[in-house]
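The values are calculated or read from the model by the stated rules, or taken from the named source; none is laboratory data. Because the structure is a prediction, the values reported are computed rather than measured. Every residue, glycine among them, receives a Cβ derived from its backbone with ideal geometry; neighbour counts consider all protein chains shown. Ligands, DNA and RNA are excluded from the accessible area calculation, which covers all protein heavy atoms including side chains. Shrake-Rupley method; radii C 1.70, N 1.55, O 1.52, S 1.80 Å.
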Amino acid sequence: MSQQDQDFLDDLIPRAEAAKLLRVTPESLAVLHCRGAIPLSRYKRGRESLYSKSEIADYIRSCRIPAST
């Protein structure tokens with residue numbers, strides 16, 4: 001396995017951990033993803049849904065509200 005493949009796999013986290021980062025329940029994350037309300041890729045490994053930590057971080061950054069001066 002190449003280092004690039006290993007880095008990709010190391011970046012993936014289960015739905016429960018992704019939901020914690022997003023401060024929603026795992027069930028809510030599943031619904032948001034199913035409705036297309038959250039622009040995150042989902043990967044399947046067997047019955048498990050996995051999400052990219054770096055993609056979640058980018059999404060959170062994109063939701064930033066600038067501080068008023």
When you look at Ala67, is it among the aliphatic types (A, V, I, L, M), open to solvent by 60 Å² or more (accessible area, probe 1.4 Å) and without any contact (Cβ under 8 Å) to a residue 60 or more places away in the chain, yes or no?
yes
Kindly check whether there is at least one residue in segment 21-34 that is free of Cβ contacts under 8 Å to residues at least 24 places away in the same chain, small (Gly, Ala, Ser) and open to solvent by less than 60 Å² (accessible area, probe 1.4 Å).
yes
Exactly one condition in (1) under 13 Å from the mean Cα position of the chain (by Cα); (2) surrounded by 10 or more Cβ atoms within 10 Å (Cβ to Cβ) is not met by Arg45; state its number.
(1)
